[in-house]
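Participant: Right, I'll just put the structure down here and ask away after.
Each value in this text was obtained by applying a stated rule to the coordinates, not by laboratory testing. What you see is a predicted model; the values in this text were computed from it and never measured. Glycine also receives a Cβ, built like all others from the backbone with ideal geometry; neighbour counts cover every protein chain displayed.
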Amino acid sequence: MKIRIFFILIGFIFLNFIGFSQIVLTETDLPVAGDIQTNSKIDSIEGINLLPGDSGANKTWFFDSYNLWGGTLESSADSVRWVTADSLLVFPLANIALKSNCYLWHDMVSHTLKEKCFRDYYIKDSTGLNYYASSYPKANYLPDYRNIFPVIQYGQSKIDHSRIVIHKTIDSIYVTNVIDSTKADAWGEVITLTGNYNSVRFYTKETVWDSLYINGVGQQLDYMPDNYYYKWYVKDLGFPVMQINKGILEKRHDYQIAKFAVSKRNEIGIKEIFNSGTNIKIFPNPFNNEATIIFNKQIFENNLTMYIYDITGREIKEIKNISNQNNIINRNKIPAGMYTFKITNNKEFVGTGKFIVL
C-alpha cells in the first residue's frame, strides 16, 4: 500500500514538473502587420450557454468537444488580416489595422476587380492595443483610446473609459460611452480542438451608454451594464486563442458568442506556436486513432524512446525507435483521457508534453 501511494505521489510530482506555468504577456505578443487571424465560431444554443469556467491560478478549461463546435474547422473558419494602417486616411494616429468583412467589386472605370474591406484601426504601444477608430458601419473615431489588449499580468487590473463618436448628420451626433473594467483573473491550461495552451485569461466587464445629440441636446437611447469578455491569450500569438463574450467589441451585445483560434500568423498553424518551451508537438491533439509526433528541430537519432503516463503517473505504453521517420502514435486500446509523455535518448530528455485521446 505504501509503495502504491509512493508511485502515485511520484506521478503527481512528474505531472507538476512538466505542467504549464504562469506566463506574462508583453508588447511583443501583440499582432503585427502580416498576421492572419482565423477563428472558428459557435453560432448555436451551445455557444449561448457555454460557461467560461473558474478563475484563479493553475486552472484547466476544456473547450475541446466536437459536439460543442459542430461541423469542420475549414467550413466554419472566418479569417481577418492585420495590416499596416494607411496614414492618408482619416485616422492618422493608427499604425495597424484589422482588415475584415472584405469583398470584391467591379470598378467600372478600370474594369478590374478591386477589394473593399472594413477596418478597425489601432495604436500599438507598450500599454497594449488601443482601438482608435473604425470604418464600419461608417467612419467613426474614439476621442479616448480603448485598450483591447491590456499588457498586464495575472492578478492585475485596469479600467478604460472611451467614447465612440459617429456624425449622423450636420447637427446630430451618435455617441457611445464605454467603461471597460479588465482583470487578468486566471492562468492555466486551456484546451480547444487545436490543442493545449499555456494561457492567461482576461475578464472584462463592459458598461455601455448609447446617446443621440441633436443641436447639443442629448437623450439616452440604450444602457447595457452587463456586457462581458473572457479571453485566453498565449505567448507569440497576437490574438485570443479562445474567447467567450457578449459586447459591442464583437458587434453582439444581445447574446453570447464563443470562438477559438484555428490558425495564426502568415497562415502558419497555431500548433506551431504554443508550447514554445518544448521541442515536440503532437498533431492532431486531441486524436481518435493515431497522431503524429512533430519535432521542432531535426532529429537524426533512431534510438529515441517515448514513455506515456496516465493521470496517476503510471506508465501505460512505451514506444521505441522514435525518429522523424518513425513518429506515429497508434491508440492501440489506450482509453479516452488525458496523458503525459516524455521522450529520451537514454542520455537526456528530448522533450515532454501532453495529449488527449478521444
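Participant: Students often check this: by mean Cβ neighbours within 10 Å, which of 22-30, 235-243, 175-183 ranks highest, and how do the rest follow?
Facilitator: Details: 22-30: 15.8, 235-243: 21.9, 175-183: 18.6.
Result, highest mean Cβ count within 10 Å first: 235-243, 175-183, 22-30.
Participant: What does the charge add up to near Lys168, with Lys and Arg as +1, Asp and Glu as -1, over the other residues with Cβ less than 13 Å from its Cβ? Walk me through the intermediate numbers first.
Facilitator: Working: positive: Lys138; negative: Asp171, Asp210.
Residues close to Lys168 contribute a combined charge of -1.
Participant: Once both labels are modelled 7 Å past Cα along the beta-carbon direction, what's the Val90-Ile316 spacing in nm?
Facilitator: About 6.0 nm, to one decimal.
Participant: Something else: Roughly what would the spin-label model give for Asn101 and Tyr228, points 7 Å off Cα along C-beta, in nm?
Facilitator: Calculated label separation equals 2.7 nm.
Participant: Spin-label point model (7 Å from Cα, Cβ direction): what's the Lys116 to Ser323 distance in nm?
Facilitator: 5.8 nm
Participant: Another one. Given the pairs Lys99/Lys246; Lys99/Lys231; Lys158/Lys259; Lys246/Lys281; Lys281/Lys333; Lys59/Lys320, which are separated by over 29 angstrom at their Cα positions?
Facilitator: Details: Lys99/Lys246 22 Å; Lys99/Lys231 20 Å; Lys158/Lys259 24 Å; Lys246/Lys281 33 Å; Lys281/Lys333 22 Å; Lys59/Lys320 33 Å.
Where the Cα-Cα span goes over 29 Å, the pairs concerned are Lys246/Lys281; Lys59/Lys320.
Participant: Now a separate question. From the square roots a ≥ b ≥ c of the eigenvalues of the alpha-carbon gyration tensor of the range 45-194, which class results: rounded (a/c under 1.5), prolate (a/b over b/c), or oblate?
Facilitator: Cα axes put the range 45-194 in the oblate bin.
Participant: When you count, for each residue, the other Cβ atoms within 10 Å and take the mean per peptide, how do 212-223, 330-341 rank with the highest first?
Facilitator: Per-residue mean Cβ counts within 10 Å order the peptides as 330-341, 212-223.
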